[in-house]
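Student: Before we start, here is the structure in question, set down as structure tokens.
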Amino acid sequence: MFYNLTVLSLLPNRLGAVLPKLPATYETLAPNGKALGAFSCEFGMLNRFTFLSAYETLDALMADRAAKIEASDPYGIGEHLGSVEQTAFKPLFFMGDIEPGEYGPFYEIRTYTLSPNGLDETAEAGARSCRAATRCRNF
């Protein structure tokens, strides 16, 4: 499974105009994949929406990205956008597929920068950390 994280940052004072349009943005987010979730932030960087989508293949993810690049207003809120960021990723060996659901009122989206040749060490540390967190959650 491959994932795409899209962050839409709004221009100042555009939130009211954008909120009613976000359901349509979400529905058309991943025609070749599956939209998994939409997130906003109440603390930190405001006026940003993060969308997570899943793809069976890298080709499907890239096809959706190519279509968005070629479209004049791919998210339906073009006049309100300040920037768009996209990050594609594949989970590490110990991670399962991301499943949509209600897990609580707070979510944490983490990103890491790896040092050269640091993937194995980072993956092992992540696996230990996730096993410990799972034990705490399942208490």
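Just so it is clear, none of the values below were taken in a lab; they were calculated from the coordinates. What you see is a predicted model; the values in this text were computed from it and never measured. Here the Cβ is made from the backbone with ideal geometry for all residues, glycine too, and neighbour counts use every protein chain on show.
Student: Do the sum for the chain: with -39,500 (n - 2.57) for every DSSP H run of n ≥ 4, divided by all residues, what is the mean residue ellipticity at 222 nm, to the nearest 500 deg cm²/dmol?
Tutor: Computed mean residue ellipticity for the chain: -9000 deg cm²/dmol.
Student: Then there's this: Between the helical axis of 119-137 and the dominant principal axis of the chain, each derived from Cα atoms, what acute angle in degrees is found, rounded to the nearest 10?
Tutor: For 119-137 against the chain, the angle is about 90 degrees.
Student: Let me spell out the model: positive unit charges on the Cβ of Lys and Arg, negative unit charges on the Cβ of Asp and Glu, origin at the Cα centre of the range 38-82. What dipole size does that give, in debye rounded to 20?
Tutor: In total the dipole reaches around 140 debye.
Student: Ok, one more. For the range 39-103, which GluC sites (Glu not before Pro) pass both filters: DSSP loop (anything but H, G, I, E, B) and at most 15 other C-beta atoms within 10 Å?
Tutor: Those satisfying the criteria are 42, 56, 102.
Student: What nm value, rounded to one decimal, do you get for the distance between residue 19 and residue 84 when each label is placed 7 Å out toward the C-beta?
Tutor: 2.4 nm
Student: Counting residues in the range 2-102 as N, plug N into 2.2 N^0.38 Å and put the Cα Rg over that result.
Tutor: 1.08
Student: Expressed as an acute angle from 0 to 90° and rounded to the nearest 10, what is the orientation of the C-alpha long axis of helix 58-70 relative to the principal long axis of the chain?
Tutor: Here the helix axis deviates by roughly 20 degrees.
Student: Could you check the simple spin-label distance between residue 129 and residue 59, using points 7 Å along Cα→Cβ, in nm with one decimal?
Tutor: 3.5 nm
Student: Averaging sequence separations of C-alpha pairs under 8 Å and six or more residues apart, then dividing by the length of the chain, give the relative contact order as a whole percent.
Tutor: 33 percent
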